[in-house]
Amino acid sequence: MGREYMLRTTAWEAGSDFDPYLKDASTGHGFYDALSHCYHLTETTLLTLALVPWRGNTSIYPEGSFGVCDLEIPWESKTAEQKMIDHGVITTELWFEALALVYHVPDYPCTDEFIRGVKEFKETGKIPFSLVFAAQVNVDIHRVVGVYAENGVHTLLTRIDRMNKDLKSHIVFQKDIKGPHWSARNEKWLRATQEGFD
């Protein structure tokens with residue numbers, strides 16, 4: 001029923017050809033791709049999450065509270081069920097983290113379309129399309145990046161550690177050298193930067 005409705009509203013009215021998405025209907029791959037392609041799965045997930053009452057004191061949920069994404073399996077090799085689970089986990093974690101941010105740190109200096117959409121939801125109680133679109137983009141990024149996202153964090157932390165060590169050794173090396181172009185302000189900034197790494 002949902003599949004037929006989606007096909008009618010998306011493919012027939014828009015004149016899109018959904019045959020490529022449905023060619024592998026026996027495994028369900030095409031069905032997931034069609035649901036994802038027209039944002040139906042993302043919107044349904046967000047509309048369901050919007051029904052969960054927000055208790056103002058809720059903190060960020062621990063990793064794995066909503067399921068676990070298996071990033072080791074390439075997206076193309078996953079079954080439709082695995083893709084839907086990953087889709088739900090990614091969207092749900094992002095939703096609750098953004099809600100916590102919007103409620104607990106309303107003036108957070110960094111924002112994106114997803115956070116703006118959650119702020120709009122907080123004010124209106126409705127899920128704007130911009131929020132659905134931003135959530136789908138996030139899922140697509142996870143799909144493409146996959147396991148490399150985990151490696152990226154490790155690489156970032158390793159490089160920050162190396163920068164910290166270089167900065168410490170530079171501070172030790174420079175401690176007795178006083179140049180005409182190196183002010184106390186520069187020294188203060190350098191030490192504050194190094195302390196930020198610690």
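We did not get these values from a lab; they are worked out from the coordinates using the rules stated. Treat the numbers as computed from the prediction; the structure is a model and nothing was measured. Reconstructed Cβ throughout: ideal geometry from the backbone, glycine too, with neighbour counts over all protein chains shown.
The alpha-carbon of Lys126 sits under 30 angstrom from the alpha-carbons of these lysines, leaving out residues fewer than 8 places away in its chain: Lys83. Ignoring lysines fewer than eight residues from Lys168 along the same chain, the ones with Cα atoms less than 24 angstrom from its Cα are Lys178, Lys188.
Cβ under 14 Å from Val137's Cβ, Val137 left aside: what net charge do those residues give with Lys, Arg +1 and Asp, Glu -1? All intermediate terms of the calculation are to be shown ahead of the outcome.
Details: positive: Arg116, Arg143; negative: Glu43, Asp112, Glu113, Asp140.
Residues near Val137 contribute -2 overall.
Below 15 angstrom from the Cβ of Lys178, what's the summed charge of the other residues (Lys, Arg +1; Asp, Glu -1)?
Details: positive: Lys175, Arg185, Lys188; negative: Asp176, Glu187.
Residues close to Lys178 contribute a combined charge of +1.
Rounded, prolate or oblate: which one fits segment 39-146, using the alpha carbon gyration tensor with axes a ≥ b ≥ c (rounded when a/c is under 1.5, else prolate when a/b beats b/c, else oblate)? It comes out prolate by the Cα gyration axes. Taking a sphere under 10 Å around the Cβ of Ile127 and counting the other residues whose Cβ falls inside, with K and R at +1 and D and E at -1, yields a net charge of -1.
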